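> The structure under discussion is supplied below as structure tokens; questions concerning it will follow.
The values are calculated or read from the model by the stated rules, or taken from the named source; none is laboratory data. Since this is a predicted model, take the numbers as computed values, not measurements. Backbone-built Cβ (ideal geometry, glycine too); neighbour counts: all protein chains shown.
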Amino acid sequence: MIHSLFLINCSGDIFLEKHWKSVVSQSVCDYFFEAQEKAIDVENVPPVISTPHHYLISIYRDKIFFVSVIQTEVPPLFVIEFLHRVADTFQDYFGECSETAIKDNVVIVYELLEEMLDNGFPLATESNILKELIKPPTILRSVVNSITGSSNVGDTLPTGQLSNIPWRRAGVKYTNNEAYFDVIEEIDAIIDKSGSTVFAEIQGVIDSCIKLSGMPDLSLSFMNPRLLDDVSFHPCIRFKRWESERVLSFIPPDGNFRLISYRVSSQNLVAIPVYVKHTISFKEYSSSGRFDVTIGPKQNMGKTVEGVVMTVHMPKAVLNMNLTATQGSYTFDPVTKVLTWDVGKITPQKLPNLKGIVNLQSGAPKPEENPSLNIQFKIQQLAISGLKVNRLDMYGEKYKPFKGVKYITKAGKFQVRT
Amino acid sequence: MTDSKYFTTTKKGEIFELKAELNSDKKEKKKEAVKKVIASMTVGKDVSALFPDVVNCMQTDNLELKKLVYLYLMNYAKSQPDMAIMAVNTFVKDCEDPNPLIRALAVRTMGCIRVDKITEYLCEPLRKCLKDEDPYVRKTAAVCVAKLHDINAQLVEDQGFLDTLKDLISDSNPMVVANAVAALSEIAESHPSSNLLDLNPQSINKLLTALNECTEWGQIFILDCLANYMPKDDREAQSICERVTPRLSHANSAVVLSAVKVLMKFMEMLSKDLDYYGTLLKKLAPPLVTLLSAEPELQYVALRNINLIVQKRPEILKHEMKVFFVKYNDPIYVKLEKLDIMIRLASQANIAQVLAELKEYATEVDVDFVRKAVRAIGRCAIKVEQSAERCVSTLLDLIQTKVNYVVQEAIVVIKDIFRKYPNKYESVIATLCENLDSLDEPEARAAMIWIVGEYAERIDNADELLESFLEGFHDESTQVQLQLLTAIVKLFLKKPTETQELVQQVLSLATQDSDNPDLRDRGYIYWRLLSTDPVAAKEVVLAEKPLISEETDLIEPTLLDELICYIGTLASVYHKPPSAFVEGSRGVVHKSLPPRTGSSESAESPDTAPSGVQAAEQPAVIPTQGDLLGDLLNLDLGPPVSGPPIATSSVQMGAVDLLGGGLDSLMGDESEGMGGSGSFAPAPSTAVPTNLGAPLGSGLGDLFDLTGGVGTLSGSYVAPKTVWLPAMKAKGLEISGTFSRQVGSISMDLVLTNKALQVMSDFAIQFNRNSFGLAPAAPLQVHAPLAPNQSVEISLPLNTVGSVMKMDPLNNLQVAVKNNIDVFYFSTLYPLHILFVEDGKMERQMFLATWKDIPNENEAQFQIKDCSLNADAVSSKLQGSNIFTIAKRNVEGQDMLYQSLKLTNGIWVLAELRIQPSNPSFTLSLKCRAPEVSQYVYQAYETILKN
């Protein structure tokens, strides 16, 4: 099982360590640093590294490496999932998962890690339970604590852990009972030079914010549940009901959680909401090139495409770029060679365009590779797959909750090859 | 107000100050002090000096303070064992606390104090907690047993905690069940033989029920445990599968992958005709694809596992090619894995898409990735024949880019394409030659040299090209040197007139000026071949090469089956069985897929049935004799066969046996002497064999003198035993052996040696179909289990009534041997004379008629050299091996022997052996209706006469 955990920042300092069994010397991280050096880019450090006596399984989140040490055969996915859960918990508790936040709350971090893992076995990883055991820091509470001497550690039994619904805490009470669902869809796509779709799929999630008193039993149904053929559920969902009736029936955890995630695969046609026209060319033997990109909307079902940002990793030989944007603003970082164009909203009447001259290092050969364009966008009030919530019913409680559903479509890994 | 304030005191008297605060009367001050201590501890500062003061704070009602003190205790108890005893009383008391949270906390912390002296005090409280009325306490106690076991295994066994733990599997609370399973699994890992998780249908049922209700982590433990269960029949397997499939929709990827493992394993037992089988296959694809949309680290592990799954059951993901397309900002480790899977999934149906993608990748920035993409194009060409043409033209396009590393990779893969489709794409050679100068990597240089040597007759200036490489011969890597040597010898054999000088130069460079034994060995072999028998040299060096197989890097099927049982584990990430890398490998139990038990024994299944021994249909795994010869002489660049093939088989042929025995020792003994002698520049094509011994000393003479036992006289000649299967290759089992024929019966004489640390038993043997239908006439009888370091001699009787398939070479025999550990494959060559039957003597008249009857093109002539026997001795020696002399004539001082022999399958071979009294070289003419056997009969002659 998980033996130890080291948190390492980008400059290679180990700023926190936690051991669940015997202490493993920090020197084990040298193997990690070695791999990091070899990988050059931080993202490219392999997640599983073997050392003579241990295995190091790591994730990279928010500029922090979470490096866990294991000694016996343990499913690596188990470890990786757990590490992500740790990072999620920090995020949840401190609002951000950063080195400063962790250092500022080191005692809570330590207490959390202790509660999350016992002898390497996961103990309490549900946010609902953890919050019952260890209260998250708030400014008010720390002031109160320091005056009254009360602590941020609860002394109740985490009751939820024993019931059949370990994800929900008991005795929840709200004056305003609300249930909100956000249907968020991300389009992952690769568009080739000619504009045709090489690959496209939709990754969707339904994130919920449920603030309901007591033990509400909800069922959520869809207009077109057939779209959902590849789904991952939160443990609270009754699988049998879904299998037989295609209805999501569940007793929700309290607060924010991800109800389901789903994938609408390439078998169903995925509508691509934007198109990109581009000419990026480098002239042989002259140290310059041309850059001309236009973005336009298509098939957006009457909704506006907004929050459009284009980022391009230009080839190493590019020195700087001299461009004019008809809309929005652009920046080019000559160190990382990243061009960012913040377009904003697209109006079909006047398509945004960015064009101009690319200056190359003199004498450098013409770059072989053509950069890919990375596009981000957002469309409010639209689930591009067409998924629609039909109705939400509540059983088990008497009050009438306020219900809300919001749809949003975003670009995920949306790449245009040039 | 944040915790960072705890770090701010850096004054010298910090510890002293804390000590004072810890002993303060004020509760609040105490707590703050403990917090400071913990903060220092977390960043690695040594605050162990405060141990007694902190422990004093333990007696408190404040839960937070108690927890903090516990944290401290866990960290420092080890370094202060005597002090830690002070804490025992509090633990014992806390275990009786009315609040279950306190009880659980106490039992949890106790287990983390890794001090021997304390552990015995913990047994009683732990026993109580294991039977606590509150499930939260029970589940915490279950984990504590595992902790205690880690500290003192004996104690846990003596106290009977293991039995209590087993009882907890039937607990009413799913969380307790899950933790008991987890604890038992961890303990079982250090006791592979203890059979702790003795699963039966009842306990399986309990586990499946708990599976639905426990936490995600508990589900992982339970699924991993289920995977070790062996259902008794296909119906049980199906019912387990049905109850596990809902886990595929879990949000936790580790749960999903563990469920996939269970399904992949139990699917093996389901009949393929079952509707359910098809349904299951369909259900497996979406969750696997979903794993790829997770974080990159998860993707990586998922991809490594998908790689295994795709090899085992390609049908699952065959329609999902697109999800493996690479995005430019994927981390490199994800890109490389995706590429690998793309090639595995490539088929005629999707090859156009795949190629378009690969071409795209070949222009990316990342050098490693680009290289692999170029290589992948070559692999597509080899895999999907219809696409070969397009692949080659794509590669040529890439060569035109002149990007150095792209060109080099392209040349390396084009060489493989030439090997797969000979005489099809050679028109591109000219383009390749243009890039000769830009090659700076050994592999690319070697590939180019191979191409030049192989197609020397089509390249006008081949000699110039090769000569240009020769200038810097000593600076080249071994790979290039070996290839250059072979290429020049090929060139010489193709264009002998103009390249004599070149070949002499390279041979002397290789044999005299190099201290690399491989290079020298190969140099000597060529030199020897060229000097003794250029015809034979041509046959060997320019022999037709076996085609390379489609999939060059498949995991060996038995290993794959084992790895499928380890889906989701580290083994699946490394693609190695746990025994190969797990620390100390504390007797890792080998897992194997369950045998299929369904109604129809599906023979159309492409996967190997894991039970029983099966040597057939695995051409990629068994290094065939053809590969062996090829590899020895000129195909070092070929696709990787499993391991150095020379070690895996024994050969009775002269040329190759040189390598195995004689030459190596010769090189060792004589190397200095030879370096100095310098006078033995090879004299191609005119060498007189008798002179050979002189410049080399006695060494070379020994080459042909197969030392070792000489066969018994009563039967035909028996070669000394050679190692067929080295222990390294077979998990400790070494097999050496030979073939013999005595009074009409053939036998395979084996010596099995156990070089492993465990006892071996349950031996069985099976042959693949072969040219003469050789098959074991009785099962392999090893009466007692074979203890470590023991060996046993067995004579396995053979018959020739097995099924027949023509092998290449003709006398190749592929053998599978099974024992309790695994199944091992090797191949060997049997000498043909074991097939010569006793009634092989032909009537004189018949002989004459037959000789005339067989067309002259069926006649083959061979030279038997270095044989000093006279005609009568030859005759009697051959008779011992059932080669019968029918007549003897003396013509002009030469003895002519007319002989006949018959093979077990009724083929007659007629021979004329000419012996000149002054010449140790005999001429053998063979006539036979099946001329392909002649060469092997000649080998038999040579073997018999030389021994």
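> How many residues are among the aliphatic types (A, V, I, L, M) and without any contact (Cβ under 8 Å) to a residue 24 or more places away in the chain if we restrict to region B:421-460? Explain how you work it out, then say what you get.
The initial filter retains those residues of region B:421-460 that are among the aliphatic types (A, V, I, L, M), namely B:428-430, B:432, B:436, B:439, B:444, B:446-449, B:451-452, B:456, B:459.
Filter again for without any contact (Cβ under 8 Å) to a residue 24 or more places away in the chain, leaving B:430.
Counting residues in region B:421-460 that are among the aliphatic types (A, V, I, L, M) and without any contact (Cβ under 8 Å) to a residue 24 or more places away in the chain gives 1.
> Let me ask another. Which fully enclosed helices (runs of 4 or more DSSP H) of region B:233-316 have 1 or more residues being farther than 27 Å from B:Leu207 by Cα?
Fully inside region B:233-316 and qualifying: B:275-291, B:296-312.
> Continuing with this model, one more query. Assuming A:Phe78 fulfils every condition listed in (1) over 23 Å from the mean Cα position of the chain (by Cα); (2) among the aromatic types (Phe, Trp, Tyr); (3) facing another protein chain (nearest Cβ under 8 Å); (4) in a helix (DSSP H, G or I) apart from one, which condition is it?
The number of the failed condition is (1).
> Condition (residue is closer than 22 Å to A:Lys21 by Cα, out of contact with any helix residue (DSSP H, G or I) (no Cβ under 9 Å at 6 or more places or on another chain) and not aromatic (Phe, Trp, Tyr)) applied to region A:73-88: is it met by at least one residue? First the steps, then the outcome.
Step one: list which residues in region A:73-88 are closer than 22 Å to A:Lys21 by Cα, which gives A:73-87.
Cutting the leftovers down to out of contact with any helix residue (DSSP H, G or I) (no Cβ under 9 Å at 6 or more places or on another chain) gives us A:87.
Within this subset, residues satisfying the condition of being not aromatic (Phe, Trp, Tyr) are A:87.
For region A:73-88, residues closer than 22 Å to A:Lys21 by Cα, out of contact with any helix residue (DSSP H, G or I) (no Cβ under 9 Å at 6 or more places or on another chain) and not aromatic (Phe, Trp, Tyr): present.
> Could you count how many residues in region B:265-282 are buried (at least 23 other Cβ atoms within 10 Å of the Cβ) and either under 14 Å from B:Thr569 (Cβ atoms) or within 13 Å of chain A (Cβ to nearest Cβ) (or both)?
1
> Given B:Lys818, B:Lys841, which one is modelled with pLDDT of 80 or more and under 45 Å from the mean Cα position of the chain (by Cα)?
Working: B:Lys841 fails: under 45 Å from the mean Cα position of the chain (by Cα).
Just one listed residue meets the conditions, B:Lys818.
> Every residue in region B:317-333 that is of a type outside the set (S, T, N, Q) and either more than 11 Å from every other protein chain (Cβ to nearest Cβ) or in a loop (DSSP other than H, G, I, E, B) (or both), please. Walk me through it before giving the result.
Looking only at region B:317-333, we keep the residues that are of a type outside the set (S, T, N, Q), and these are B:317-328, B:330-333.
B:Leu317, B:Lys318, B:His319, B:Glu320, B:Phe325, B:Val326, B:Lys327, B:Tyr328, B:Asp330, B:Pro331 - these are the residues of region B:317-333 that are of a type outside the set (S, T, N, Q) and either more than 11 Å from every other protein chain (Cβ to nearest Cβ) or in a loop (DSSP other than H, G, I, E, B) (or both).
> Something else now. I need a count of the residues in region B:334-353 that are within 11 Å of chain A (Cβ to nearest Cβ) and either crowded, with 21+ Cβ neighbours inside 10 Å or not in a helix (DSSP H, G or I) (or both).
Going through region B:334-353, the residues within 11 Å of chain A (Cβ to nearest Cβ) turn out to be B:334-337, B:353.
Checking which are either crowded, with 21+ Cβ neighbours inside 10 Å or not in a helix (DSSP H, G or I) (or both) leaves us with B:334-335, B:337.
Result for region B:334-353: 3.
> Another question, if that's okay. Give region B:891-921 a look and list any residue that's free of Cβ contacts under 8 Å to residues at least 40 places away in the same chain, surrounded by 14 or more Cβ atoms within 10 Å (Cβ to Cβ) and of a type in the set (Val, Ile, Thr), or say none.
Once the filter is applied, which keeps residues that are free of Cβ contacts under 8 Å to residues at least 40 places away in the same chain, surrounded by 14 or more Cβ atoms within 10 Å (Cβ to Cβ) and of a type in the set (Val, Ile, Thr), region B:891-921 yields B:Ile907, B:Val909.
> I would also like to ask the following. Within the set of pairs 6+ apart or on separate chains, which have a first residue in region B:923-939 that is touching a residue at least 40 places away in the same chain (Cβ under 8 Å), a second that is of a type in the set (Ser, Thr, Tyr), and C-beta atoms under 7 Å apart?
Listed by first residue and then by second, the contacts come to B:Leu924/B:Tyr938; B:Leu924/B:Tyr941; B:Leu926/B:Ser934; B:Leu926/B:Tyr938; B:Cys928/B:Ser934.
> Answer yes if at least one residue in region A:357-366 is buried (at least 17 other Cβ atoms within 10 Å of the Cβ), over 19 Å from the mean Cα position of the chain (by Cα) and in contact (Cβ under 8 Å) with a residue 60 or more places away in the chain, and no otherwise. Quick ask: steps written out before the conclusion?
To start, the set of residues in region A:357-366 that are buried (at least 17 other Cβ atoms within 10 Å of the Cβ) comprises A:358, A:360.
From the residues that got through so far, the ones that are over 19 Å from the mean Cα position of the chain (by Cα) too are A:358, A:360.
Still in the list and also in contact (Cβ under 8 Å) with a residue 60 or more places away in the chain: A:358, A:360.
Yes, region A:357-366 contains at least one residue that is buried (at least 17 other Cβ atoms within 10 Å of the Cβ), over 19 Å from the mean Cα position of the chain (by Cα) and in contact (Cβ under 8 Å) with a residue 60 or more places away in the chain.
> Which numbered condition trips up B:Thr90, out of (1) hydroxyl-bearing (Ser, Thr, Tyr); (2) within 11 Å of chain A (Cβ to nearest Cβ); (3) within 20 Å of B:Lys66 (Cα to Cα)?
Of the numbered conditions (1) hydroxyl-bearing (Ser, Thr, Tyr); (2) within 11 Å of chain A (Cβ to nearest Cβ); (3) within 20 Å of B:Lys66 (Cα to Cα), the odd one out for B:Thr90 is (2).
> Right, something else. If a residue has to be within 14 Å of chain A (Cβ to nearest Cβ) and either acidic (Asp, Glu) or part of a helix (DSSP H, G or I) (or both) to count, how many in region B:93-118 make the cut? Step through it out loud before you land on a result.
Just the residues of region B:93-118 that are within 14 Å of chain A (Cβ to nearest Cβ), to begin with: B:94, B:97-116.
Applying the additional criterion that residues be either acidic (Asp, Glu) or part of a helix (DSSP H, G or I) (or both) yields B:94, B:97, B:100-112, B:116.
So the count comes out to 16.
> Which one is nearest to A:Glu397 (Cα to Cα) among residues in region A:208-236 that are in a strand (DSSP E or B) and among the hydrophobic types (A, V, I, L, M, F, W, C)? So that I can check it myself, show each step before the final result.
Initially, region A:208-236 is screened for residues in a strand (DSSP E or B), giving A:208-211, A:217-222, A:231-233.
Next, from what is left, pick out any that are among the hydrophobic types (A, V, I, L, M, F, W, C): A:209-210, A:218, A:220, A:222, A:231, A:233.
Working: A:Cys209: 18, A:Ile210: 14, A:Leu218: 10, A:Leu220: 16, A:Phe222: 22, A:Val231: 28, A:Phe233: 24 Å.
So the residue we want is A:Leu218.
> Within region B:32-54, restricting attention to residues that are without any contact (Cβ under 8 Å) to a residue 12 or more places away in the chain and surrounded by fewer than 20 Cβ atoms within 10 Å (Cβ to Cβ), which residue is nearest to the other protein chains (Cβ to nearest Cβ)? Can you show your working first?
Residues of region B:32-54 without any contact (Cβ under 8 Å) to a residue 12 or more places away in the chain: B:32, B:42, B:44-46.
Then drop every residue that is not surrounded by fewer than 20 Cβ atoms within 10 Å (Cβ to Cβ), which leaves B:32, B:44-46.
Working: B:Glu32: 9, B:Gly44: 7, B:Lys45: 12, B:Asp46: 12 Å.
Per the criteria, the residue is B:Gly44.
> Residue under question is A:Val270, and the condition is that it be in a loop (DSSP other than H, G, I, E, B) and of a type in the set (A, V, I, L, M); does it hold? Before you say what the answer is, go through the steps one by one.
Values: in a loop (DSSP other than H, G, I, E, B): yes; of a type in the set (A, V, I, L, M): yes.
So A:Val270 passes the test.
> Somewhere in region B:87-110, is a residue under 30 Å from B:Asp198 (Cα atoms), among the charged types (D, E, K, R) and modelled with pLDDT of 85 or more?
Within region B:87-110, the subset under 30 Å from B:Asp198 (Cα atoms) is B:104, B:107-110.
Next, only the ones that are among the charged types (D, E, K, R) stay: B:108.
Okay, now just the ones that are also modelled with pLDDT of 85 or more, so B:108.
Yes, some residue in region B:87-110 is under 30 Å from B:Asp198 (Cα atoms), among the charged types (D, E, K, R) and modelled with pLDDT of 85 or more.
> Right, here's the next one. I'd like the residue in region B:172-182 that is at the interface with chain A (Cβ under 8 Å from one of its Cβ atoms) and outside any loop (DSSP other than H, G, I, E, B) and, out of all such residues, is farthest from B:Glu133 (Cα to Cα). Quick ask: steps written out before the conclusion?
Taking region B:172-182 and keeping what is at the interface with chain A (Cβ under 8 Å from one of its Cβ atoms), we get B:173, B:175, B:179, B:182.
With the extra rule that they be outside any loop (DSSP other than H, G, I, E, B), the set shrinks to B:175, B:179, B:182.
Details: B:Met175: 14, B:Asn179: 16, B:Ala182: 21 Å.
Looking at residues that are at the interface with chain A (Cβ under 8 Å from one of its Cβ atoms) and outside any loop (DSSP other than H, G, I, E, B), I get B:Ala182.
> Here's something else I'd like to know. Which residue is farthest from the chain's Cα centre (by Cα), if the candidates are limited to region A:291-340 and must be among the small types (Gly, Ala, Ser) and assigned to a strand (DSSP E or B)?
First pass over region A:291-340, keeping only residues among the small types (Gly, Ala, Ser): A:296, A:302, A:307, A:317, A:325, A:328-329.
Imposing the further condition that a residue be assigned to a strand (DSSP E or B) reduces the set to A:296, A:307, A:325, A:329.
Working: A:Gly296: 27, A:Gly307: 18, A:Ala325: 31, A:Ser329: 26 Å.
Per the criteria, the residue is A:Ala325.
> Return the total of residues in region A:15-32 being more than 12 Å from every other protein chain (Cβ to nearest Cβ) and of a type in the set (Phe, Trp, Tyr).
2
> Which is over 27 Å from B:Ser740 (Cβ atoms) and of a type outside the set (A, V, I, L, M, F, W, C), of B:Gln845, B:Gln899?
On the way: B:Gln899 fails: over 27 Å from B:Ser740 (Cβ atoms).
Testing whether each residue is over 27 Å from B:Ser740 (Cβ atoms) and of a type outside the set (A, V, I, L, M, F, W, C) leaves just B:Gln845.
> Assuming B:Val815 fulfils every condition listed in (1) over 30 Å from B:Gly840 (Cα atoms); (2) in a strand (DSSP E or B); (3) among the aliphatic types (A, V, I, L, M) apart from one, which condition is it?
Tallying (1) over 30 Å from B:Gly840 (Cα atoms); (2) in a strand (DSSP E or B); (3) among the aliphatic types (A, V, I, L, M), B:Val815 fails exactly one: (1).
> Only one of A:Thr125, A:Thr89 is modelled with pLDDT of 80 or more, more than 9 Å from every other protein chain (Cβ to nearest Cβ) and under 30 Å from B:Thr569 (Cβ atoms); which? Can you show your working first?
On the way: A:Thr125 fails: more than 9 Å from every other protein chain (Cβ to nearest Cβ).
Selected residue: A:Thr89, the only one of A:Thr125, A:Thr89 that is modelled with pLDDT of 80 or more, more than 9 Å from every other protein chain (Cβ to nearest Cβ) and under 30 Å from B:Thr569 (Cβ atoms).
> Also: Looking at A:Ser142, A:Ser151, which one is facing chain B (nearest Cβ under 8 Å), part of a helix (DSSP H, G or I) and at pLDDT below 80?
Only one candidate qualifies: A:Ser142.
> What's the number of the condition B:Cys57 fails, among (1) in contact with a strand residue (DSSP E or B) (Cβ under 7 Å, 6 or more places away or on another chain); (2) buried (at least 19 other Cβ atoms within 10 Å of the Cβ)?
B:Cys57 satisfies every listed condition except (1).
> Against the definition (at pLDDT 90 or above and within 14 Å of chain B (Cβ to nearest Cβ)), how does A:Ser261 come out, yes or no? Steps first, please.
Values: at pLDDT 90 or above: yes; within 14 Å of chain B (Cβ to nearest Cβ): yes.
In short, yes.
> Do the conditions hold for A:Ala35, that is, is it out of contact with any helix residue (DSSP H, G or I) (no Cβ under 8 Å at 6 or more places or on another chain) and either at the interface with chain B (Cβ under 8 Å from one of its Cβ atoms) or among the aliphatic types (A, V, I, L, M) (or both)? Write out each step before concluding.
On the way: out of contact with any helix residue (DSSP H, G or I) (no Cβ under 8 Å at 6 or more places or on another chain): yes; either at the interface with chain B (Cβ under 8 Å from one of its Cβ atoms) or among the aliphatic types (A, V, I, L, M) (or both): yes.
For A:Ala35, the condition - out of contact with any helix residue (DSSP H, G or I) (no Cβ under 8 Å at 6 or more places or on another chain) and either at the interface with chain B (Cβ under 8 Å from one of its Cβ atoms) or among the aliphatic types (A, V, I, L, M) (or both) - is met.
> Same structure again: So which of B:Cys123, B:Cys144 is closer than 21 Å to A:Thr72 by Cα and either within 11 Å of another protein chain (Cβ to nearest Cβ) or assigned to a helix (DSSP H, G or I) (or both)? Explain how you work it out, then say what you get.
Details: B:Cys123 fails: closer than 21 Å to A:Thr72 by Cα.
After ruling out the rest, the residue left standing is B:Cys144.
> Check B:Leu148, B:Leu155, B:Leu165 and return the single one that is among the hydrophobic types (A, V, I, L, M, F, W, C), surrounded by fewer than 17 Cβ atoms within 10 Å (Cβ to Cβ) and over 20 Å from B:Leu101 (Cβ atoms).
On the way: B:Leu148 fails: surrounded by fewer than 17 Cβ atoms within 10 Å (Cβ to Cβ); B:Leu165 fails: surrounded by fewer than 17 Cβ atoms within 10 Å (Cβ to Cβ).
Unique residue meeting the criteria: B:Leu155.
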